[in-house]
Structure formats: structure tokens, C-alpha cells
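Presented below is the structure to which this report refers.
The values are calculated or read from the model by the stated rules, or taken from the named source; none is laboratory data. Owing to the predicted nature of the structure, the values given are computational and were not obtained by experimental measurement. With ideal geometry, Cβ positions are generated from the backbone for all residues, glycine too; neighbour counts draw on all protein chains shown.
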Amino acid sequence: MSTLFSPLKINNVTFKNRIGMSPMCQYSSDDGVASNWHMVHLSSKAIGGVGLIMAEATAVSPTARISQGCAGLWAQKHVDALKPIVAYQKSFGAVTGIQIAHSGRKGSAATALEGGSHLDADDANAWETVAPTDEAFDPDGTRLWRAPRALSIDEIEAIQQQFVQSAELARDVGYDLLEIHCAHGYLLHSFLTPLVNKRDDAYGGNLKNRAKFLLETVAQVRNVWPAERVLSVRLSVHDFVDGGLTLDDSIQVSAWLKDLGVDIIDCSGGGAVPEARGAIGNRTAEQPDMAGVIRGGAGIAVMAVGGITDPKHADELVSEGKADIVLIGREMMRDPHWAFNAAKALGVDARHVLAEQYGFFVGAS
Ligand SMILES: Cc1cc2nc3c(=O)[nH]c(=O)nc-3n(C[C@H](O)[C@H](O)[C@H](O)COP(=O)(O)O)c2cc1C
């Protein structure tokens, strides 16, 4: 029996297998509202047999988006659009997850499809970004990154409330799993990493202080997120730059998060500064083994992500105790039936992996 296809139970949520789709921005929302594209993008992976489907970074407020095309969850209209999408994914037995996020100093950008650079200050779609300090993401780079404004403590508390409100809305949509995005140089990660956080108040300095924004947010979110559902945090477990976050730091942060009731750590990397290439940078493929280090060091369940394309590799990550769930990103764009094809490659009975409308005809062949 392949471990990749063994079920996993966390709290009251049962994952039918250990395969997840990683959250991926789709730049297909209007004022944050999900579109037909999301129905197809997300549900097609459920049809293909994926156990966990993670919706993209979803902003807790309009200015928490990366770009105008990003998803949001700050109003009832977002709930109304997401509800049928989530219900449809669930009808295929998928666990549904959503990642709530604040872009921080990497917001107010063009969509990645349009180059991803910061918008000019006088662009009608631009907004003032916020961060631990007023240092721009890439002040000297060829691409324009405007300087953010350093957040006051009152503003930090207001953003924490936005995370809580988004969590309540995600609960109302019916998601099984909520993930807080603290990776890739976005707001919460920018506070956690010493590469960006140079504050000298209670939210800056040593690791505990730099983690304060994250830990307070998680504690408040856990209060409104039902105990029977799953709470995840995505960390950049390594900053990939000297002087940045190390695996030891991330083990410590993961242990604190576990104490606050976080169930699983989603182990990504990089993205804090331009040299630390982001989520699909040149060190992405090192991340799955790092997930195993976090799992062993902090004694918490983990998701591994980064460069995983081969079913045998994915299966080994689970069987060797490096990951509880394996997330696949880009490879699922290439093959929405990755889980079905993985079952066949691993010699697992694939008859019931695909939705029966397909599986009945081709599941066994
Ligand atoms: C188009 C695209 C959009 C992404 N958007 C997000 C996102 O919304 N949130 C996030 O945490 N990571 C995001 N990522 C990173 C992926 O979740 C994943 O960690 C990364 O692609 C590495 O996995 P892979 O090698 O399987 O693609 C994105 C990646 C891509 C390619």
C-alpha cells in the first residue's frame, strides 16, 4: 500500500490521500470575488483525485492583495462566490483549504501575468503599501519597488482583526482547512525575518519579538476557527540568505505555533528579499527535505512543497516521515489528473481516484 494514498485524519477532518494542490494566485478575481475560472481551476483537481485543494493567497482587505486581480475575503460577496465552488470540490471527496494573506510591501503590483512590478504611485490601481519599516523590497533593482510605510502598533492590531474577520468568513464558506500565509516576503513573513524587520519596538528585535505579529494573529484566529477543523501556517522555513531565518529558527517558531493550536506547518522558503528567490526560486527543490527537519524538530505535522513532480518522490516523502501531506503546484497545472496518474505509477488501485464520470471508463485501464 502506498503511503501517498493512505488517509490522514487531523481533528475532525479526514484527507483521503496525502496529495494536495499548493495555493497558486490566479489573477482572475474582480474586486477579490472568485470567478468561473476558480470553479474550473480548483474543481478540476478535485475531479483528478487530489485529497486537499488549497485556494490561492486570499487577501484579508483590498490593500492586502498583491494585485487588483487577486482573490479576497473581506465581505459577504466573497463568501457567496466561494460557497458553490467549495461545495462542488467537496462533492468529489476533497478537503478544501484557503490561504489568507496580507501582501505587505510586495502589494500594489501589476499581476504576475503583466510583469508583477510595483504600480507607479499615480496609477489609479496603486495603493500605499505597509511593512515593518519603510524600506522598499528592492530599492536598487531594475524593477520599481516603491517604499512602504512602517506600520504603527494600532495598525498592526487592525490588520490582526482583518485576519480574524477573514477566518470567520472562511468558516462561513465551509472550508475544512485555513492557512495563514507567513512566507515569501509578504507581511507576516516580513515581520518574522531579520532581513526585513529592523524595528526597535515590541514587534522587532529577537525572534520572539519578530514572531509577535504572527503569534498574536494565530492566537486570535484559532479562537474563531472551529476546533474540529484544521489550522495551518505557511512559513518560509529558510530565507536562503545569510543572516536570514534558519531551520533552527523555524523549528522554534513551529513549536510556538503548535502550542497555540496550529495543526500543520506548510514548509515553503525564500522570498523575503530579492536575493532570496521566491516560491519558485532556484532553491525550491531543497524545501521538501527541510519539511522533514521541521517535522522532526518541532514534533508537528508538515506539508512539503517545492519541485515535486515524481509520484515515487512524493510517496517517499510520506513513507520516510518527512511529510504528512505533499503539495504539488506547477505540475498540477500541467496535469490536473496528477493524483490519478500517480496512483497508476505507484501500482495503487486507481479505479476510484478519478471522479466516477471519468473513472468508470478509464480508471482501470
Ligand atoms: C502561478 C503561481 C502562483 C503562486 N501563488 C502562491 C500563493 O498564492 N500562495 C503561496 O503560498 N504560494 C504561491 N505559489 C507558490 C506555490 O504554492 C508553490 O509553493 C511553488 O510553486 C513550488 O511548488 P511547485 O514546484 O510544485 O510548483 C505560487 C506559485 C505559482 C507558480
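What to note about this one:
- Residues (β-branched (Val, Ile, Thr), within 22 Å of Ala109 (Cβ to Cβ) and modelled with pLDDT of 95 or more) located in segment 133-155: Thr133
- Residues satisfying the stated conditions in segment 247-297, i.e. under 22 Å from Ala314 (Cβ atoms) and hydrophobic (A, V, I, L, M, F, W, C): Leu247, Ile264, Ile265, Cys267, Ala279, Ile280, Ala285, Met290, Ala291, Val293, Ile294
- Looking only at segment 83-106, and only at residues there that are within 16 Å of the ligand (Cβ to nearest atom) and not in a helix (DSSP H, G or I), the one that is surrounded by the most Cβ atoms within 10 Å (Cβ to Cβ): Ala101
- Scanning segment 294-317 for residues that are among the acidic types (Asp, Glu) and outside any helix (DSSP H, G or I) yields a single hit, Asp310.
- For segment 159-183, a tally of residues being within 16 Å of the ligand (Cβ to nearest atom), closer than 19 Å to Leu52 by Cα and not hydroxyl-bearing (Ser, Thr, Tyr) returns 6.
- For Gly104, the requirement of being on the phi > 0 side of the Ramachandran plot and modelled with pLDDT under 85 is not met.
- Residues in segment 116-169 that are more than 25 Å from the chain's Cα centre (by Cα), β-branched (Val, Ile, Thr) and outside any loop (DSSP other than H, G, I, E, B): Ile153 alone.
- Taking every residue in segment 29-40 that is in a strand (DSSP E or B) and pairing it with any residue that is not β-branched (Val, Ile, Thr), at least 6 positions away or on another chain, the pairs with Cβ-Cβ distances below 7 Å are Val33/Lys77; Val33/His78; Val33/Ala81.
- Total residues in segment 326-350, condition within 13 Å of the ligand (Cβ to nearest atom) and crowded, with 21+ Cβ neighbours inside 10 Å: 6
- Segment 215-248: number of residues that are on the phi > 0 side of the Ramachandran plot and under 19 Å from the mean Cα position of the chain (by Cα): 1
- Residues within segment 258-310 that are free of Cβ contacts under 8 Å to residues at least 40 places away in the same chain, among the polar types (S, T, N, Q) and either under 20 Å from Ala219 (Cα atoms) or within 11 Å of the ligand (Cβ to nearest atom) (or both), tallied: 2
- When residues of segment 1-37 are limited to those that are surrounded by fewer than 23 Cβ atoms within 10 Å (Cβ to Cβ) and among the aliphatic types (A, V, I, L, M), the one modelled with the lowest pLDDT: Met1
- Looking across segment 272-293, the residues that are over 18 Å from Leu4 (Cβ atoms) and outside any loop (DSSP other than H, G, I, E, B) come down to Thr284, Ala285, Glu286, Met290, Val293.
- For segment 176-231, the helices (runs of 4 or more DSSP H) that sit wholly inside it and include 2 or more residues that are more than 25 Å from Asp138 (Cβ to Cβ) are 207-210, 212-224.
- Yes/no for Thr58 being assigned to a helix (DSSP H, G or I), touching a His at 6+ places or on another chain (Cβ under 9 Å) and either within 13 Å of the ligand (Cβ to nearest atom) or touching a residue at least 60 places away in the same chain (Cβ under 8 Å) (or both): no
- The residues in segment 236-261 that are surrounded by 22 or more Cβ atoms within 10 Å (Cβ to Cβ) and either in contact with a strand residue (DSSP E or B) (Cβ under 8 Å, 6 or more places away or on another chain) or outside any loop (DSSP other than H, G, I, E, B) (or both) can be counted, and the count is 7.
- Failed criterion for Gly93 (all others in (1) more than 20 Å from Ser61 (Cα to Cα); (2) small (Gly, Ala, Ser); (3) at pLDDT below 95 hold): (3)
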